[in-house]
Structure formats: C-alpha cells, structure tokens
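Every number in this text was worked out from the coordinates using simple rules, so none of it is lab data. Because the structure is predicted, anything quoted here is derived from the model rather than measured. A quick note on method: Cβ atoms are made from the backbone with ideal geometry, for glycine too, and the neighbour counts reach across all protein chains shown.
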Amino acid sequence: MRVHYLKHVPFEGLGAIDTWLIKKRLKASVTNLFQNESLPSIDEIDWLIVMGGPMSANDGAKYPWISSEKKLIGQALDRQIPILGICLGCQLIASVLGSKVYKNSESEIGWFPIEPVQSIRNQFPGSLLPSKTEVFHWHGETFDLPTKTVHLARSQACENQAFLYGDRVLGLQFHLETTLEALKALIYGCADELQGGEYIQKPNQMLANLDRFRQINKVLENILNYLSTKVS
C-alpha cells in the first residue's frame, strides 16, 4: 500500500496518523510543498492524505504549488483513489469538487464539540463519528458542501465540518490526528492567529486534559481502518 501525504508547513505533520502507520507496518512518502518539492505521479499513489496549513485553498497566486496540488487531487478523484483531507486538505478537496471556500463567520481554534448530522447519526457514514464528541479545531475558513457528498458533521461555529464523497474520499475540517507534541508545534507556528474571539481558546486551555488526545486519536484510528479497506 503506497500512502502519500502532502505537507504544507513544517509544523503540521501526520501526528497520530504516523502512529497508525507504524502499527500497520506501513510507511508514507511525502511531498513537502513548502520546500517546492515535486509532486509524484498519480500512478505512484494508492492512498492520498492532504494535511492542514495556515494558507487558503484560494492562495494559488501566492503559493503556485496549490494549482499543481489541486490537479493531483483531481486525478486521485478520477481514479477513485482513497483521499483523506484534513482542514486545509478538506477545503482543497471541496474546491476541486467545485465548491466555494471562504472565510467563516468565526475562527474556530481549540477543543469544541461536533455532532453528526441528525439524518445519518445512526447509520454509516455517520457511525464513523461518535455522537457529539469534542475534537480539536484550528481553522478560519469554511466551504460550501460539494454536490454529491454526504454531510457528516457540524459544530456551533461551523456548519460544514465533515463530508464523504463516494465511499472513499473523506474531508474533515477538524484535526483528529493532533497529539500533544503536534499541538505545541501548531501553537508555536500559528501564534499570530490567537487573537481572541468566542471560539478561540488560550494555549493553556488547549493543552489541558491530555485524555482528549487519546479520544480523538481513537476516532481517527477507526477512520483510517475504514479508508484502508478502500485501497485497491
């Protein structure tokens, strides 16, 4: 299984995804887009993971590699290759599917609950997400739900928190992969975004209660187990 991930900034890596890969005796190749590394051929990928980052899916003029990245995502969609998009990764998938990405009414940074959409709460794919679970967020933008996708979850601050396209493309606005070390790196790397707001927590709030990391990483494990069954 050839897993490849796209990394937008040095401080947003795989986190708990790496733990899962090690457990499954898998290795993932990476494109460090912030270093202008070349993207692989779609023929070299069985599973694509698109990580987060502080830039926007609309920032192609500032970051020319975004256009190439979207092309690769489009190729993966055409080939029905499993894709997991996290935060910016989720927004990039939405953009490739034709949806608008734009600034949310509120930035959402910290631990806040999401809940599965009522209509799918007790059925797949809603069963991938526990009922009203607290997850970690770090985003200021949102997106219109792409057509032909299943709306999976919402939060008080952001309606479109997760979607499934087909049976193997999952977009998550939130971060289930976050570990304590990953969060510390994110706080350091994006400290300028912690400017206050109803849904912006202080670093000491975000770093409290270490059991929350274990809980979200377990949800992530279930999702990765599911997506791994879709790899041809």
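Structure values in brief
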read-out	value
Local electrostatic count at Leu186 - Lys and Arg +1, Asp and Glu -1, tallied over other residues with Cβ under 15 Å	-2
Among beta bridges that DSSP assigns inside region 3-228, antiparallel share in %, nearest 5	55 percent
Hull shadow area, averaged, region 94-232 [alpha-carbon convex hull, nm²]	8.8 nm²
Cβ-Cβ FRET estimate between Ser67 and Thr229, R0 fixed at 35 Å, reported to 0.05	0.65
Label point distance in nm, Lys100-Gln118, each placed 7 Å from Cα along Cα→Cβ	2.6 nm
Taking region 3-228 and dividing mean pair separation by its residue count, relative contact order in percent (alpha carbons under 8 Å, at least six apart)	21 percent
Options Ala57, Trp47, Phe163, ranked by Cα towards positive dipole end of the chain, top entry (Cβ charges)	Trp47
Dipole in debye (nearest 20) - region 3-228, about Cα centre, beta carbon charges: Lys, Arg +1; Asp, Glu -1	420 debye
Orientation-averaged projected area, Cα convex hull of region 3-228 (nm²)	11.4 nm²
Inter-probe distance in nm under a simple model that places probes 7 Å from Cα toward Cβ, at Thr19 and Lys218	1.2 nm
Listed peptides 139-145, 21-27 by packing density, highest first (mean Cβ within 10 Å)	139-145, 21-27
Pairwise label distance in nanometres, Glu193 with Lys27, each label 7 Å out on the Cα-Cβ vector	3.1 nm
For the chain, with +1 on Lys and Arg beta carbons and -1 on Asp and Glu, the positive-most of Leu227, Val96, Asn209 along the dipole	Leu227
